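Data block below; observations after.
The values are calculated or read from the model by the stated rules, or taken from the named source; none is laboratory data. Small disclaimer: the values here were computed from a predicted structure and weren't measured. All Cβ positions, glycine included, derive from the backbone under ideal geometry; neighbour counts span all protein chains shown.
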Amino acid sequence: MFISFFRAIKFSIQDVVRNIWLSLVTIIILVLTLFTVNMLLVVKVVGQTAVDTIKEKIDVNLFLKTDAPEDHIEALKMKISSLAEVKSVEYISKDQAMEEFRLRHQDNPEILDALKELGKNPLTPTLVIKPKSMDVFDSLINQLNIIEDDIIESRNFSNYKTMLEKINAITEKVSNAALVLSSIFIFITLLVIYNSVRVAIYTHKKEITIMRLVGASNWFIQLPYVFSSIIYTLFGVGAVMLIFWPFLNLLQPYLETFFVSYNVNLVQYFYGNVLSIFGIQFLVAAAINILASLIAVRRYSKI
Amino acid sequence: MIQYQNVIKSYTKDYKALNNINLHIKPGEFVSIVGQSGTGKTTLVKTLIGEEKIDDGKIIIGGWDVTNIGQREIPVLRRQIGVIFQDFKLLQKKTLFENVAFAMQVCGGKNAKIQKIVPHVMKIVGLESKMHRYPMEISGGEQQRVAIARALVHRPKILLADEPTGNLDSLNTNEIIDLLLRINKFGTTVLLVTHNREVVNNLKRRVITIDGGQIVSDQENGKYML
């Protein structure tokens, strides 16, 4: 039993080496499909980061009265900061607000002229409140609505709620679409791997028939091809890791530029999850390869 | 050794490849089975090695009724019958040594035994110096000799040769037939399926003639009659 088992491994290695071009082609197809799967993962991670970035940009503005004393504003700021739902509170004075307004509209002379016409600063001091997460947004709005303070000019948060609901709806649709697309893509990938192994074994059809005619049992014929499948998968996943690492390092600076001031580190993500990411890919690809081998060999050894 | 009792094999409703074949081959015989193309010779071979199942009758080989042999038993049957084919059926990606050794490996033969027997058998067929070559590197006649060597490693009681000289020239043909005769001298029952008139007539052994799926002649010292 053990002799035959080790013989099967030897035959398998012999087969891979002596059919080197076929082996290379099979491995290349595997590498291409696994690379595509990993690219999907990159898109998913980057997409998720983009969505989180957008959500983080949502903050609540509390407009204060123009003549509100600074110490009173500071006290209100402290009060709001102490709320459980609040991540940070920033105070923008009316002069600061005016400066930012001028900068935003520096290319729009009509607006700047209108401002000059007014003669005074129409903008009010503002408290910019960032929630800890989008999940606590509703709770935060409720808390802000019940705060009693004379210096609060206006509190109308309905726009934020509508905007947030829209963003959530869009991100949910995008997530669902991404899930469906990923599923289709992964299904195609699995089919490609399955069929490439079947084609590889089809080229061994004559050999399988001869083995059967000489008196080899089904498992004696099948086992070397099962081991070959594992060898192909091992090399395939190894090659993908070797190619993907420099690719990620190449991509990282561009991502950092795009997501400036946000921590998007794909290299770290993949490094931190290397076992689960490539481990799962190895297991799934090996399973598909082995299944394809068994079905194909069984089909051709029915003599 | 081999008994066919009222064997019928049909591929379609109207076409019987084997039509009520009754045959008895004794141990140690050298029998030529002749007939033109399409008369049922190959079907006879296929039913003998379990490649095709018969529709009626019985096939008994060495006392074993193989009529309804199961899928799992077929490899066991084939290890007991040495078979050589017209197209040699060698594994192209294995060396000659490995091709012959394969027949022992399928039975779980130990490496030491293989290392002893295979060179010996290769010597019998005259190819001991070419053991580490590949099939594509040798001639057709030599490939057929390797096939014979592979068929012999188990010391089978029956050697079935299905048109072994079909792809060979007359010189190689004679060499192969001589080899088969030598094997037969050692006690192996040899079934030679052929449509080579010259070979059959020179052998002066038992000749069974098949025509239209039926045995039309069975002569101890026969000639090619069709």
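General observations
The rows are residues; the columns are (1) within 30 Å of A:LEU190 (Cβ to Cβ); (2) among the aliphatic types (A, V, I, L, M).
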{"position": "A:PHE2", "(1), (2)": "no, no"}
{"position": "A:SER12", "(1), (2)": "yes, no"}
{"position": "A:ILE20", "(1), (2)": "yes, yes"}
{"position": "A:LEU30", "(1), (2)": "yes, yes"}
{"position": "A:GLY47", "(1), (2)": "yes, no"}
{"position": "A:ALA68", "(1), (2)": "no, yes"}
{"position": "A:LEU76", "(1), (2)": "no, yes"}
{"position": "A:ASP95", "(1), (2)": "no, no"}
{"position": "A:GLU100", "(1), (2)": "no, no"}
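- Among the residues making up the range B:152-182, a single one is under 12 Å from the mean Cα position of the chain (by Cα), modelled with pLDDT under 90 and part of a helix (DSSP H, G or I): B:LEU152.
- Residue match in the range B:84-94 (condition: in a helix (DSSP H, G or I) and at pLDDT 90 or above): no
- Some residue of the range A:56-70 being in a helix (DSSP H, G or I), surrounded by fewer than 17 Cβ atoms within 10 Å (Cβ to Cβ) and under 37 Å from the mean Cα position of the chain (by Cα): yes
- Residue match in the range A:197-217 (condition: surrounded by 19 or more Cβ atoms within 10 Å (Cβ to Cβ), polar (S, T, N, Q) and modelled with pLDDT under 90): yes
- Taking the range A:95-112 as the range and being among the hydrophobic types (A, V, I, L, M, F, W, C), more than 19 Å from A:LEU127 (Cα to Cα) and out of contact with any Phe, Trp or Tyr (no Cβ under 9 Å at 6 or more places or on another chain) as the test, the residues that pass are A:LEU103, A:LEU112.
- Residue list for the range A:122-154, filter: more than 41 Å from the chain's Cα centre (by Cα), in contact (Cβ under 8 Å) with a residue 24 or more places away in the chain and either assigned to a strand (DSSP E or B) or surrounded by fewer than 14 Cβ atoms within 10 Å (Cβ to Cβ) (or both): A:ASP150, A:ILE152, A:GLU153
- Among residues of the range B:183-200, those that are closer than 22 Å to B:GLY126 by Cβ and in a helix (DSSP H, G or I), counted: 4
- The lone exception for A:LEU190 - which of (1) out of contact with any strand residue (DSSP E or B) (no Cβ under 9 Å at 6 or more places or on another chain); (2) under 30 Å from B:PHE85 (Cα atoms); (3) of a type in the set (A, V, I, L, M, F, W, C) it fails: (2)
- Test: residue in the range A:31-38 that is of a type in the set (S, T, N, Q), surrounded by 18 or more Cβ atoms within 10 Å (Cβ to Cβ), over 30 Å from B:LYS110 (Cα atoms) and more than 10 Å from every other protein chain (Cβ to nearest Cβ): yes
- Qualifying residue in the range B:129-139 (condition: under 24 Å from A:GLN14 (Cβ atoms), hydroxyl-bearing (Ser, Thr, Tyr) and within 14 Å of chain A (Cβ to nearest Cβ)): yes
- Neighbours by Cβ (under 6 Å, 6+ apart or cross-chain): first from the range B:191-203, closer than 9 Å to B:SER32 by Cα; second of a type in the set (Lys, Arg): B:VAL193/B:LYS41
- Scanning the range B:95-110 for residues that are assigned to a loop (DSSP other than H, G, I, E, B) and either crowded, with 18+ Cβ neighbours inside 10 Å or more than 7 Å from chain A (Cβ to nearest Cβ) (or both) turns up B:THR95, B:VAL106, B:CYS107, B:GLY109.
- Total residues in the range B:71-83, condition over 20 Å from B:ILE33 (Cβ atoms) and either polar (S, T, N, Q) or not in a loop (DSSP other than H, G, I, E, B) (or both): 5
- Filter result for the condition that a residue is outside any helix (DSSP H, G or I), away from every other protein chain (no Cβ under 14 Å), more than 18 Å from the chain's Cα centre (by Cα) and touching a residue at least 60 places away in the same chain (Cβ under 8 Å), over B:ASN20, B:ASN68: B:ASN20
- Tally, over the range B:47-65, of residues that are within 14 Å of chain A (Cβ to nearest Cβ) and more than 14 Å from B:ILE158 (Cα to Cα): 5
- The residues of the range A:184-207 that are in a helix (DSSP H, G or I) and facing another protein chain (nearest Cβ under 10 Å), listed by number, are A:LYS206, A:GLU207.
- For B:LYS113, the test of being facing chain A (nearest Cβ under 8 Å) and of a type outside the set (Val, Ile, Thr) is failed.
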